[in-house]
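Okay, structure first, notes after.
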Amino acid sequence: MSAASQPPRNGLSYADAGVDIDAGNELVRRIKPFVKATARPGADSEIGGFGGLFDPKAAGFDDPILVAANDGVGTKLKIAIDSGVHATVGIDLVAMCVNDLVVQGAEPLLFLDYYACGALDLEVASDVVKGIAEGCRISGCALIGGETAEMPGMYRAGDYDLAGFAVGAAERGALLPRADAAEGDVLLGLVSSGVHSNGFSLVRKIVETSGLTWTDAAPFAPGATLGEALMTPTHIYVKPLLAAIRANDGIKALAHITGGGLPENLPRVLPEGLAARIDLSAIPVPPVFGWLAEAGGVVQSEMLRTFNCGIGMVVAVAEDQAEAVAEVLRKEGENVVTLGRLETRDGDAVVFDGALGL
């Protein structure tokens with residue numbers, strides 16, 4: 001028998017190496033209805049091709065500037081994996097990207113996701129992508145594609161990772177922050193839904209030292225397990241903020257309060273020479289932060305530089321339009337508080353008065 005006619009010595013397949021092509025195809029079939037539900041002008045949200053298309057003119061733009069953002073969910077994913085709560089982490093993924101777009105005055109248009117794992121679990125992956133589609137629906141952008149990667153040996157059994165990529169647009173000349181921010185401008189705060197998606201390495205350390213498990217009752221959220229309560233998804237501020245931006249010309253800057261909290265994120269949108277003075281007592285602090293501070297012995301300064309502490313978005317607005325902007329945001333369902341004002345800088349870019357209600 002010639003070498004060419006001899007049978008293979010081992011007959012190995014891709015599935016034997018840990019990659020299930022059939023499972024990948026089944027996932028695409030399962031998520032198609034979720035993806036289709038995110039269709040919007042400019043995109044048909046069909047998946048399965050080599051790339052996704054978007055037409056800005058069909059979306060109503062005349063002379064758009066494109067704005068792009070990408071992000072992940074951080075170690076909040078570890079809580080999702082350990083607690084088995086996968087249905088909302090996709091919302092977190094979208095929120096972290098689209099909230100970064102809207103602070104630049106951009107309307108989110110399209111989203112792509114990247115899901116990587118060691119071995120594809122169809123139920124888990126479907127839950128995650130369903131959450132991504134829900135986040136896209138809430139923010140008004142189309143889920144036009146993504147990538148699912150099985151990589152045996154790269155991830156432990158049950159582990160997975162996520163990354164998201166969003167593109168938005170604003171008409172030329174309408175980007176934020178504006179150059180006319182001035183002393184006396186009012187700072188409005190939009191209340192957060194909880195921890196959002198930052199600081200979870202510290203959250204997990206506090207849970208570990210507390211002796212609680214993910215299935216124990218949450219000390220700060222009656223009726224929920226600790227895992228369920230901590231997996232409350234990041235609030236998406238896109239549609240209310242776009243409504244406020246379009247209602248009048250009062251908004252001068254927006255700051256998404258993520259890792260680094262108020263001290264690190266507010267200076268990113270302030271012009272040189274101006275500082276933000278914040279009244280901490282005005283913040284309605286969600287109970288989760290009081291529990292984290294007490295259970296972990298975390299001091300106020302560390303809470304402020306790690307977590308949003310109850311404010312997920314800050315709006316800098318002209319004083320004479322502050323109430324009008326706040327009213328639009330409230331009508332759109334946001335919980336709005338007055339945090340403080342901009343003032344001439346003489347030292348730190350963010351100055352705190354009062355104390356958090358921890």
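The values are calculated or read from the model by the stated rules, or taken from the named source; none is laboratory data. Computed from a prediction, not measured in an experiment: that's the story for all the values here. With ideal geometry, Cβ positions are generated from the backbone for all residues, glycine too; neighbour counts draw on all protein chains shown. The accessibility values were calculated without ligands, DNA or RNA, using every heavy atom of the protein model including side chains. Shrake-Rupley method; radii C 1.70, N 1.55, O 1.52, S 1.80 Å.
Points to keep in mind about this one:
- Förster-model FRET efficiency, 56 Å R0, Asp20 and Thr338, C-beta, rounded to 0.05: 0.55
- Note on the chain: with a GNM built from Cα contacts shorter than 10 Å, the maximum mean-square fluctuation among Leu53, Leu175, Leu339 falls on Leu53.
- Near Leu110, the amide H atoms lying under 5 Å from its own belong to Ala142, Val167; only residues 5 or more places off or on other chains count, and H is placed 1.01 Å from N.
- Protein heavy-atom surface of the stretch 209-358, 1.4 angstrom probe: 47% of the accessible area is carbon and sulfur, with nucleic acids and ligands not counted.
- Spin-label pair Glu327/Ala349, simplified geometry with 7 Å Cα→Cβ offset, distance in nm: 3.4
- Karplus-derived 3J(HN,Hα), 6.51/-1.76/1.60, for each residue of the stretch 249-264, Hz, glycine and proline x: 9, x, 6, 9, 7, 9, 10, 7, 8, 10, x, x, x, 4, x, 9
- In the chain, the DSSP-assigned H stretches of four residues or longer account for a calculated mean residue ellipticity at 222 nm of -9500 deg cm²/dmol, using -39500 (n - 2.57) per stretch and the full residue count as denominator.
- Separation between Cα centres of the stretch 117-132 and the stretch 311-358, rounded to whole Å: 38
- Average accessible surface area per residue within the chain, 1.4 Å rolling probe, Å²: 46
- Accessible-area composition of the stretch 29-124, carbon plus sulfur, in percent [1.4 Å probe]: 56
- Unsatisfied cross-links (Cα-Cα over 21 Å) in the set Lys130/Lys205; Lys76/Lys130; Lys32/Lys57; Lys78/Lys130; Lys57/Lys252; Lys78/Lys239: Lys130/Lys205; Lys32/Lys57; Lys57/Lys252; Lys78/Lys239
- Where labels lie 7 Å past Cα in the beta-carbon direction, separation of Arg172 and Arg268 in nm: 2.7
- Note, ³J(HN,Hα) from phi for the stretch 179-192, Karplus 6.51, -1.76, 1.60, rounded to Hz, x at Gly and Pro: 8, 9, 4, 8, 4, x, 4, 8, 9, 9, x, 9, 5, 8
- Annotation: amide H of Gly310 within the under-5 Å range of Ser192, sequence separation 5 or more or interchain, hydrogens built in the peptide plane.
- Relative contact order (percent, whole number), the chain, Cα cutoff 8 Å, 6+ residue spacing: 21
- The length gained on full extension between Ala157 and Val28, counted as 0.36 nm times the residue separation minus their Cα-Cα distance, comes to 44.3 nm.
- When each of the peptides 87-100, 10-23 is scored by how many other beta carbons lie within 10 Å of its residues on average, the order from highest to lowest is 87-100, 10-23.
- If you take the Cα centroid of the stretch 61-99 and the Cα centroid of the stretch 174-242, the two points sit 13 Å apart.
- Label zone of Asp63 (point 7 Å out along Cα→Cβ, amide N under 11 Å): in the stretch 167-186 this covers 171-174.
- Backbone HN-Hα couplings from phi across the stretch 269-280 [Karplus 6.51/-1.76/1.60, Hz, Gly and Pro as x]: 10, 9, x, 4, x, 10, 10, 9, 9, 10, 8, 5
- Shape of the chain, Cα gyration tensor, a/c cut at 1.5: oblate
- Gyration tensor verdict on the stretch 35-87 (Cα atoms; rounded if a/c is under 1.5, prolate if a/b is larger than b/c, oblate otherwise): prolate
- Whether the stretch 183-310 is rounded, prolate or oblate, judged on the alpha carbon gyration tensor where a/c under 1.5 counts as rounded: prolate
- Model label sites at Ala243 and Asp320, defined 7 Å from Cα along the beta-carbon direction, differ in position by 2.6 nm.
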